[in-house]
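Following: one structure in structure tokens, then a few remarks.
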Amino acid sequence: MKQTTLAKSIKTAGVGLHTGVKVNMTLKSAPENSGYIFVRTDLDNFEIPASVEYISHCSYATTLMRRGVVLSTCEHLLSALRGSGVDNCFVELDNIEIPIMDGSSETFFDLIAKAGVVEQHAPRHTLRILERIAVEIGNRKMSIEPAENYEIDCVIDFPHPFIERQRLNFVFENGSFGKEIASARTFGFTHEIDMLRKANLALGGSLDNAIVLTPGGMLNETPLRFDDEFVRHKILDIIGDFALLGMPLRGRITAERSGHSVHASLMSKLLKAEHAWEIVEQEG
Ligand SMILES: [Zn+2]
């Protein structure tokens, strides 16, 4: 199997979920073996590769930083790129945060499908898991273990009538990301939003880009896209964060009440355990 990139450029624009700033974004084809590279066009085209080594903080979104230059909330776009089977891509932005669009990966996924994905010459590499690696932070658990495919078994548990305990086992297969995951939106709780706003976060958040839950229901007047949209969005986030490993995985992720910081801990523990993985060419 060969590496891929975009057939043509994609332009879009929107606001950042946390900063509320307006941002223009262009996705462009990139050479073989470049991976995903963010380019701050407002800062002399400063480049920040999408890589675990540049994770700076990850409390409510995954933020990258290289030499003091920040790129915020990269996970939904990275999820769409990985979910679309794109290996190499430049992501040009003229501000600090990826646009949130409708709170899911659907717009990015549809734009990529419309632009088209083309094969390059170099073989695609995958990170094949050889040994189980696990992290546990309080009641949050996450592990990765050998498997034939890229699979994610995810459990979330929130004391809310719309959520409670949701579990989904997702297998990366042809088309599965677009059908099962891409359109699942991010969500937040009204009590959390006051706190986030006080911390200057969620400034661009609205009912157009998030499911907002009240103690007994939700503020949005449009229905959920799936009964279990919440666990689907968590899987979307996991795919986006694990795209920072730089290549598709061959292994099974098991996540229980995970979040961006748990994802980051597992990835850095995995990369340090060099006996637990190998890089192989993906078979056809
Ligand atoms: Zn998310």
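The values are calculated or read from the model by the stated rules, or taken from the named source; none is laboratory data. Predicted model, so just to flag it, every value in this text is computed and none were measured. Using ideal geometry, Cβ is built from the backbone for each residue, glycine included, and neighbour counts are taken over all protein chains shown. Side chains included, ligands, DNA and RNA excluded: accessible areas come from the protein's heavy atoms. Shrake-Rupley method; radii C 1.70, N 1.55, O 1.52, S 1.80 Å.
Worth a mention:
- If you check Ser206, Ser261 for being free of Cβ contacts under 8 Å to residues at least 24 places away in the same chain, of a type in the set (Gly, Ala, Ser) and within 16 Å of the ligand (Cβ to nearest atom), only one passes: Ser206.
- Residue check, Gly103 touching a residue at least 40 places away in the same chain (Cβ under 8 Å), within 16 Å of the ligand (Cβ to nearest atom) and at positive phi: yes
- Top-ranked residue of the range 1-33 - restricted to ones that are at pLDDT below 95 and over 16 Å from Cys74 (Cβ atoms), ranked as least open to solvent (accessible area, probe 1.4 Å): Gly20
- Condition check for Ser79: open to solvent by 40 Å² or more (accessible area, probe 1.4 Å), within 15 Å of the ligand (Cβ to nearest atom) and either in contact (Cβ under 8 Å) with a residue 24 or more places away in the chain or within 23 Å of Ala202 (Cα to Cα) (or both): no
- Selected residue (criterion: most open to solvent (accessible area, probe 1.4 Å)) from residues of the range 187-203 that are within 16 Å of the ligand (Cβ to nearest atom) and at pLDDT 90 or above: Phe187
- The residues listed here are Val117, Val135; of these, the one that is out of contact with any Lys or Arg (no Cβ under 7 Å at 6 or more places or on another chain) and either polar (S, T, N, Q) or at pLDDT 95 or above (or both) is Val117.
- Subset of the range 223-245 [open to solvent by 10 Å² or more (accessible area, probe 1.4 Å), more than 10 Å from the ligand (Cβ to nearest atom) and in a helix (DSSP H, G or I)]: Arg232, Leu245
- Residue in the range 99-114 that is of a type outside the set (S, T, N, Q), closer than 29 Å to Glu274 by Cβ and more than 14 Å from the chain's Cα centre (by Cα) present: no
- Against the test of being aromatic (Phe, Trp, Tyr), crowded, with 19+ Cβ neighbours inside 10 Å and within 14 Å of the chain's Cα centre (by Cα), the options Tyr36, Tyr54 yield a single qualifying residue, Tyr36.
- Residue match in the range 235-247 (condition: over 17 Å from the mean Cα position of the chain (by Cα) and at pLDDT 95 or above): no
- Filtering Lys234, Lys179 for residues that are over 22 Å from Leu64 (Cβ atoms) and of a type outside the set (Phe, Trp, Tyr) leaves a single hit, Lys179.
- Selection of the range 209-222 for residues being closer than 21 Å to Asp157 by Cβ and away from the ligand (no atom under 16 Å from the Cβ) yields Thr214, Pro215, Gly216, Gly217, Met218.
- Of all residues making up the range 246-258, the number that are of a type in the set (A, V, I, L, M, F, W, C), more than 14 Å from the ligand (Cβ to nearest atom) and touching a Cys at 6+ places or on another chain (Cβ under 9 Å): 1
- Residue among Glu136, Glu131, Glu97, Glu151 that is within 16 Å of the ligand (Cβ to nearest atom) and either open to solvent by 50 Å² or more (accessible area, probe 1.4 Å) or on the phi < 0 side of the Ramachandran plot (or both): Glu97
- Members of the range 57-74 that are under 21 Å from Leu201 (Cβ atoms), open to solvent by 40 Å² or more (accessible area, probe 1.4 Å) and over 15 Å from the mean Cα position of the chain (by Cα): Met65, Gly68
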